[in-house]
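For reference, the structure discussed in these notes is given below.
The values are calculated or read from the model by the stated rules, or taken from the named source; none is laboratory data. Keep in mind that this is a model prediction, so the values were computed, not measured. Cβ coordinates were reconstructed from backbone atoms using ideal geometry, including for glycine residues, and neighbour counts include every protein chain displayed. Ligands, DNA and RNA are excluded from the accessible area calculation, which covers all protein heavy atoms including side chains. Shrake-Rupley method; radii C 1.70, N 1.55, O 1.52, S 1.80 Å.
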Amino acid sequence: MDLREATREAEQLRWAMTTAELDARAGPLAEEQGALATRVALVVGQIRELPEPEQFGQELALLGEVDAVMREADTYLRIPETGEVTIAAETEAIELLLRSRRAGGGGGGGGGTTPGASMAGGEATLSALALVGRGVAPQAEVESRLVDQSIGEAALEYPAEFREGLDRYFGELDGGR
């Protein structure tokens, strides 16, 4: 998730960067994405070495998809492409990883908050991101309500990733006069 956020930041600053600066920013992201894909491939290999690996067919299929999508994101980042297609691939990898974490449990137990528990009750078919942050009352109904926006007296402060681009932009404007 951190890698996806870093990719979004690079895309938001893309307009203020030269090609070399974008390459310098996207290169480490591509390296990290490639390293994550390699780790997934190693996990797949370790599962295949277990006795009776066929009992992990669903997990192996999901991890195979994760590997393919991560390698796709790695390819985009090496172009460097930090836009929608890359972020979509990274989001898909996150979704698949979350689904694999929640869908497992048919074997001898697993990680997560309920080791060994099965999610076979239909919850595994929900969007993985919809399941993140589930509380102690998963059957509770969420009430939708309107919340008024309040305006404080503090000055508007931009996030650090925007300040860098804004400083460069206004510096170019000032330097042009």
Rounded accessible area of T82 (nearest 10 Å², 1.4 Å probe): 0 Å²
Nitroxide proxy distance, nm - points 7 Å out along Cα→Cβ at E54 and F170: 6.7 nm
5 Å binning of all Cα-Cα separations within the range 1-107, expressed as whole percents from 0 upward: 2, 13, 23, 20, 14, 10, 8, 5, 3, 1, 0
Protein-only accessible surface order, largest first, of V85, V40 at 1.4 Å: V85, V40
All-pairs Cα distance distribution in the range 7-60, expressed in whole percent, bin size 5 Å: 4, 18, 17, 12, 10, 9, 9, 8, 8, 4, 1
Full-stretch length increase - M1, A35 - with 0.36 nm per residue and alpha-carbon distance subtracted: 10.8 nm
Area of I79 that stays accessible when all protein chains are in place (1.4 Å probe, Å², to 10): 110 Å²
Estimated distance in nm for a label pair at A61 and L42, the labels positioned 7 Å out from Cα along Cα-to-Cβ: 2.7 nm
F170 - accessible surface, heavy atoms, 1.4 Å probe, Å² rounded to 10: 110 Å²
Whole-Hz ³J(HN,Hα) from phi, Karplus 6.51 cos²θ - 1.76 cosθ + 1.60, for the range 30-47, glycine and proline x: 5, 4, 5, 5, x, 5, 5, 5, 5, 4, 5, 4, 5, 5, 4, x, 5, 5
